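A quick write-up on the structure given underneath.
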Amino acid sequence: MFRLEEYKTAQENVDKLDYEVRRKIVEFETEAKRLESDRQTLKDRDAERVEKEEKRDRLKKIENELQGELDKAVKTTEKLLKETRSDLSSTRQKITDLAKEIEELNKVIKQMEDSKKAAQRLKDFHVWLTDYFVKTLTLIE
């Protein structure tokens, strides 16, 4: 149950990161389009070109930082997924083992019930022997 909660939390974190990455990608795509338009203008303006290149470098740095964070989040999520799959596999095996154990215990219970019935028949036979048969033999003698 604890692993399931971890899995749910990890899944929520992945969804949040996925949303954030998609949002940033849209932002980067928009910014990249704007920068492309500026390049055409920068051919005529050398001073503005330097400023725009610096801005592009800063965006690249941010992109790299975000990519590093994303890569780390992906690795963590993959590790959690692997652990969850392993736990799921072992849990399935435990369920299978417990099902077999239940079958065996049901067989034992059935045998005990049969033994109880046999013991009751023997007890009834013993009562009959002591109450009727022995008295009848005594009378016959």
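Descriptive notes on the structure:
- Ile140 meets each of the listed conditions (1) among the β-branched types (Val, Ile, Thr); (2) over 30 Å from Glu12 (Cα atoms); (3) in contact with a helix residue (DSSP H, G or I) (Cβ under 8 Å, 6 or more places away or on another chain) apart from (3).
- The residues listed here are Glu83, Glu69; of these, the one that is in contact with a Leu (Cβ under 9 Å, 6 or more places away or on another chain) and acidic (Asp, Glu) is Glu69.
- Condition check for Glu69: surrounded by 11 or more Cβ atoms within 10 Å (Cβ to Cβ) and modelled with pLDDT of 90 or more: yes
- Residues of the range 45-91 classified as within 26 Å of the chain's Cα centre (by Cα) and either of a type in the set (Lys, Arg) or not in a helix (DSSP H, G or I) (or both), total: 5
The rows are residues; the columns are (1) more than 30 Å from Arg23 (Cα to Cα); (2) free of Cβ contacts under 8 Å to residues at least 60 places away in the same chain.
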residue: Glu69; (1), (2): no, yes
residue: Thr77; (1), (2): no, no
residue: Arg92; (1), (2): yes, yes
residue: Asp97; (1), (2): yes, yes
residue: Lys116; (1), (2): yes, yes
residue: Leu129; (1), (2): yes, yes
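- When Arg39 is tested against (1) more than 17 Å from the chain's Cα centre (by Cα); (2) modelled with pLDDT of 85 or more, just one condition goes unmet, and that condition is (2).
The values are calculated or read from the model by the stated rules, or taken from the named source; none is laboratory data. These figures come from a predicted structure and were not determined experimentally. All Cβ positions, glycine included, derive from the backbone under ideal geometry; neighbour counts span all protein chains shown.
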